[in-house]
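Peer 1: Structure provided below as structure tokens; questions to follow.
The values are calculated or read from the model by the stated rules, or taken from the named source; none is laboratory data. If you're wondering where the values come from, they're calculated on a predicted model, not measured in any experiment. Cβ sites come from the backbone with ideal geometry, for glycine too, and all protein chains shown count toward neighbours. SASA here: full protein model, heavy atoms, side chains in, ligands and nucleic acids out. Shrake-Rupley method; radii C 1.70, N 1.55, O 1.52, S 1.80 Å.
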Amino acid sequence: MQLRTLLWAISAATAIAAVAWLLPGKTAHASEDAVAARHAYSEAATAKYDYHFGPREPFLPSNAKTDTGEFFDPKTFLSASYCGHCHQEAQHEWRQSAHSNSFRAPWYTKNVNLLMSTKGVEFARHCEGCHNPTALLSGFMTKGAATKRFFDDDGVTCTVCHSIQSVDKRGTGSYVMGQAAVMVDEAGKPIVGKVPDAEILAHLDRHSAAVMKDFYRSSQFCGVCHKAALPRSLNDYKWQRALFVYDEWQMSSFAKQSPLPFYVKDSVSTCQTCHMLREKLTTLPDAGAKNGTLASHRWLGGNTLIPVYYKYDEQLAKTMAFLRNGVFNVDIFALEKEGTPGVVAPLGSVPFSIAPNDVVTASVVIQNKGIAHSHVPEQRDMYESWVEFVVKDAAGNIVSHSGFIKPDGYLDERAHSFTNRLVNVQGTLNDLHQVWANRVLAYNNTIQSGRSQIVRYQFRVPKNATGALTVTARVNYRRFDQHFIDWAMSKQHYDMPIVEMAARTRTFSIGDNAAGAPDPQDNKEWMRWNNYGIALLDAQQYAESVRAFEQVARLRADYADAYTNIALANFQWEKYPPSRTNLEKALAISPNNARALYYMALVERNQGNLDAAIVDLNKVAEQFPESRDAHRELGFSYYQQRKYDLARGEYERVQAIDPDDLAAHYNLSIIYRRLGMKEKAAEQAAMFADQKDDPTASTYALEFLRKHTEVAAESVAWHTHSDLDAGRAEAGGTGQH
């Protein structure tokens, strides 16, 4: 019997067994027949399954597992329409979400089919652990299995998320899936299959026990899929981090688990806080609502194409509003004039003058203030977000334009994009998201949570300019770059919505420009300088960063972080005495300040005072027990003192926070060996060898950048976008660096 025929026969038998008890007058209870049917289904699936990665690893390269190690009958994952009997609004929202459409969207299936045709269907298990768990866990991800299945349109459906029994922090689908059930019986055992609505309503406590776990409300629950790696089993090369949205959240100010962010939030925000906001019920009822509100099952994020493709107008409107809701601050912060020393900043608060024929450089500071992770998130080389910068004269003529869309739909290749470039062993771009062929990132311009970037634009004031110039900078976003979506949809110039996420415009008068009152569109002056200093620090412009943070201290002498930031810039500049002096100032203002104590500990250790460093790091860890940085540095400090048991405890704590921490692998391999734990030492050494950077991979990036001079400057943290050809036409021209 062919595999697909056998699976369907067993599936039908399971369905009969699962509903046999649904007779008038019967109370729902767990059925031994359902357990036997699952075992029979799993045996049939196993007989034809390709255990490519080993007899005990049916789901690799995904980290997903089932509670017993057996396959599930796909029919036991009940459809969302069934759940919609009582949860009409949740089902309505889910249908329009990325979760619902995680497998059927044509651009996804085109990409995963490319993987399967290149390497084989078994390698796509890496993807389907998150995009189509039903297919993976029911044994359909193997040669000869059906490829058109009744469950594909449901993607990540209700009973997928609500059947997960446990999770860990490795990501790539690192969950354990239990038997799908909407109720448990009197003994707490899951009841397989459909249960009459009346039965559920009569036993809501047993319904809740089946479908809700406390950890469903945690960011770690989301992290099982929104954190992922490319393991050796996928790429036949080595372990590579693919995305780490969960880790970025955990280290951001939103999580309040780390002392190191530049800004402090008033309260903790989880993934659910932002992506599952409670909304009032409007038209559809829902039994899960509380006080007339429901946690949104739209999971609003950056997917603007699903609602366009499937004509979900409501989802599109809400997604675009979400993307525009205080994510970025755009600040046209400073000017420099060729031939004139110094920087004029912050614009609006200081006088300046410009004249015809001046060569002017504008510094635009982009602050990621509203996202708990990077933008763009994940290893999303085919997503597209960029800065558009345009200068117009008094008549509306374009003087300079960077970041425009060309007639063929492609972005100006010299635009400043928040992206990364994935390069393969040939030194060419993985332009169709062939992550299994990755070797190195040529560069990564994504902007981290709470951080800022400076984008610099140089242009010439027209020689006959009069009146004023209007300067606008905006952050734009669309779901995919034109090359990828044209390939995915097999259509030239496939149209996608472009969202203006944030923008700022300033007017430069030809001649003198007086200082003005603070503009309500701008941050406070101290924060403008602070964001500028953060961006300079990340660009390794240490002297300029120190000067910017000194301006913050001048404006806010009571702000301890101003001095900590000066200290941090000096520390990275390897100027330890001034770093210590400024940390002492910070701690005088804010005693026991964890951020200042952390950097003070690094200075103390660098100056040979390990005991003082350990005291300070322990104070940090007491305040922030989930700080991977504090535990990592404590571990290293204990290691330097040869206190190997204490060092081991700290590094094991780091691995509890992030199982893939590279420093923990390396140091534990040494510590375990010195403690006589040879087997554990070998295990950690092997993980370090697999996960550390390939020292030869940079040659692929250099080869790519050598061939693509139009983007090479983007790999340099401090560069200028220059367009001195005032006559360049927007439609056909390209900018220059």
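Peer 1: Given 0.36 nm per residue, what is the gain on full extension from Glu186 to Thr699 after removing their alpha carbon distance, in nm?
Peer 2: Values: separation 513, 0.36 × 513 = 184.68 nm, distance 6.31 nm.
The span from Glu186 to Thr699 would gain 178.4 nm if fully extended.
Peer 1: Along the range 334-342, what does the Karplus equation 6.51 cos²θ - 1.76 cosθ + 1.60 (θ = phi - 60°) give for ³J(HN,Hα), rounded to whole Hz, x for Gly and Pro?
Peer 2: Calculated HN-Hα couplings, in order: 9, 10, 10, 10, 4, x, 10, x, x Hz.
Peer 1: Turning to a different aspect of this structure: Determine the dipole magnitude for the chain: charges of +1 sit on the beta-carbon of Lys and Arg, -1 on that of Asp and Glu, nothing else is charged, the reference point is the Cα centre, and the result goes in debye to the nearest 20.
Peer 2: Values: 78 positive and 82 negative charges, 83 e Å.
In total the dipole reaches around 400 debye.
Peer 1: Something else about it: If the limit is 27 Å between Cα atoms, which of Lys148/Lys213; Lys65/Lys148; Lys575/Lys619; Lys169/Lys238; Lys148/Lys290 go over it? Don't jump to the answer; show the numbers that get you there.
Peer 2: Numbers: Lys148/Lys213 32 Å; Lys65/Lys148 23 Å; Lys575/Lys619 24 Å; Lys169/Lys238 20 Å; Lys148/Lys290 39 Å.
Beyond 27 Å: Lys148/Lys213; Lys148/Lys290.
Peer 1: Take the solvent-accessible surface of the protein heavy atoms, probe 1.4 Å, and return the percent of it on the chain that carbon and sulfur atoms account for.
Peer 2: 53 percent
Peer 1: Counting alpha carbon pairs within less than 8 Å and at least 6 residues apart, what relative contact order, in whole percent, applies to the chain?
Peer 2: Here the relative contact order equals 11 percent.
Peer 1: Under a cut-off of 16 Å between alpha-carbon atoms, report the aspartates and glutamates in cross-link reach of Lys337, not counting same-chain residues fewer than 8 places apart.
Peer 2: Filter leaves Asp358, Asp512, Asp723.
Peer 1: Just going by the charge dipole of the chain, with Lys and Arg at +1 and Asp and Glu at -1 on Cβ, which of Asn132, Thr709, Leu646 is farthest out on the positive end?
Peer 2: Projecting each Cα onto the dipole axis, the largest value belongs to Leu646.
Peer 1: Something else about it: Taking the range 383-468, which trypsin sites (Lys or Arg not before Pro) meet the DSSP loop condition and have no more than 12 other C-beta atoms within 10 Å?
Peer 2: Here the sparse-neighbourhood loop sites are Lys463.
Peer 1: So for the range 350-427, taking the charge dipole from beta-carbon charges (+1 Lys/Arg, -1 Asp/Glu), which of Val364, Val425, Ala395 sits furthest toward the positive end?
Peer 2: Val364
Peer 1: Next question, about the same structure. Enumerate the aspartates and glutamates that Lys110 could reach by cross-link, defined here as Cα to Cα under 17 Å, with residues fewer than 8 away along the same chain left out.
Peer 2: Result set, ordered by chain and number: Glu122, Glu128, Asp152, Asp153, Asp381, Asp431, Asp481, Asp486.
Peer 1: For the range 303-331 and the range 431-494, compute the distance between their C-alpha centroids and round to whole Å.
Peer 2: Computed from Cα coordinates, the inter-centre distance equals 18 Å.
Peer 1: Find how much the distance from Asp690 to Asp50 grows on full extension, using 0.36 nm per residue of separation minus their present alpha carbon separation; answer in nm with one decimal.
Peer 2: 227.8 nm
Peer 1: Suppose only helical runs count, i.e. DSSP H with n ≥ 4. What mean residue ellipticity at 222 nm does that imply for the chain under -39500 (n - 2.57) per run, divided by all residues and rounded to the nearest 500 deg cm²/dmol? Mind dumping the intermediate values first?
Peer 2: On the way: 29 runs with 283 residues, N = 737.
So the calculated ellipticity at 222 nm is -11000 deg cm²/dmol.
Peer 1: Specify the angular offset, from 0 to 90 degrees and rounded to the nearest 10, of the alpha carbon long axis of helix 610-623 from the longest principal axis of the alpha carbons in the chain.
Peer 2: Compared with the principal axis, the helix lies near 60 degrees.
Peer 1: Measure nothing but the geometry: give the 0 to 90° angle between the long axis through the Cα atoms of 628-640 and the longest principal axis through the Cα atoms of the chain, rounded to 10°.
Peer 2: The helix 628-640 is inclined about 80 degrees to the chain.
Peer 1: Here's something else I'd like to know. Could you order the peptides 657-667, 693-703, 346-356 from most to least packed, using the average number of other C-beta atoms within 10 Å per residue?
Peer 2: With the highest mean Cβ count within 10 Å placed first, the list reads 657-667, 346-356, 693-703.
Peer 1: Now a separate question. How many nm is it between the label spots at Met677 and Asp153, if each spot is 7 Å from the Cα in line with the beta carbon?
Peer 2: Distance between label points: 5.3 nm.
Peer 1: Does the range 218-306 classify as rounded, prolate or oblate by the C-alpha gyration tensor (a ≥ b ≥ c root eigenvalues; a/c under 1.5 gives rounded; else a/b over b/c gives prolate, otherwise oblate)?
Peer 2: It is oblate, given that a/c is not under 1.5 and a/b is not larger than b/c.
Peer 1: To the nearest 20 debye, what is the magnitude of the charge dipole of the range 259-344 about its Cα centre, counting +1 on the Cβ of each Lys and Arg and -1 on the Cβ of each Asp and Glu?
Peer 2: Taking the Cα centre of the range 259-344 as origin, the dipole is about 340 debye.
Peer 1: Give the calculated FRET efficiency between Leu277 and Leu204 to the nearest 0.05, with a Förster radius of 25 Å applied to their Cβ-Cβ distance.
Peer 2: Result of the calculation: an efficiency of 0.55.
Peer 1: Another question, then. Could you give the length gained on full extension between Ala517 and Arg241, defined as 0.36 nm per residue of separation minus the Cα-Cα distance, in nm?
Peer 2: Answer, rounded to one decimal: 94.7 nm.
Peer 1: Alpha carbon centre of the range 546-621 versus the range 630-707: separation in Å?
Peer 2: 27 Å
Peer 1: Using the structure shown, select from Lys227/Lys678; Lys311/Lys392; Lys119/Lys194 the pairs with a Cα to Cα distance greater than 32 angstrom.
Peer 2: With Cα atoms farther than 32 Å apart: Lys311/Lys392; Lys119/Lys194.
Peer 1: Same structure again: Note the angle between two axes, namely the Cα long axis of helix 560-572 and the longest principal axis of the Cα atoms of the chain, as a number of degrees from 0 to 90, rounded to the nearest 10.
Peer 2: Approximately 90 degrees, to the nearest 10.
Peer 1: With only Lys, Arg, Asp and Glu charged, each at its Cβ (+1 for the first two, -1 for the last two), find how big the charge dipole of the range 123-166 is about the Cα centre; round to the nearest 20 debye.
Peer 2: About 200 debye.
Peer 1: Considering just Cα atoms, how many Å³ per residue does the convex hull of the chain enclose? Spell out each step's value before the answer.
Peer 2: Numbers: hull volume 133.6 nm³, N = 737.
Hull volume over Cα atoms, normalised by residue count, gives 181 Å³.
Peer 1: May I ask what percent, to the nearest 5, of DSSP beta bridges between residues of the chain are antiparallel?
Peer 2: Given both bridge residues lie in the chain, the antiparallel proportion sits at roughly 90 percent.
Peer 1: Same structure again: With θ taken as phi - 60° and the coefficients 6.51, -1.76 and 1.60, list the Karplus ³J(HN,Hα) couplings across the range 457-463 in order, rounded to whole Hz; mark glycine and proline as x.
Peer 2: Taking θ as phi minus 60°, the curve returns 10, 10, 8, 9, 5, x, 5 Hz for the range 457-463.
Peer 1: Now, a different point. Please give the solvent-accessible surface of Asp690 in Å², to the nearest 10, using a probe radius of 1.4 Å with every protein chain present.
Peer 2: Rounded to the nearest 10, that gives 30 Å².
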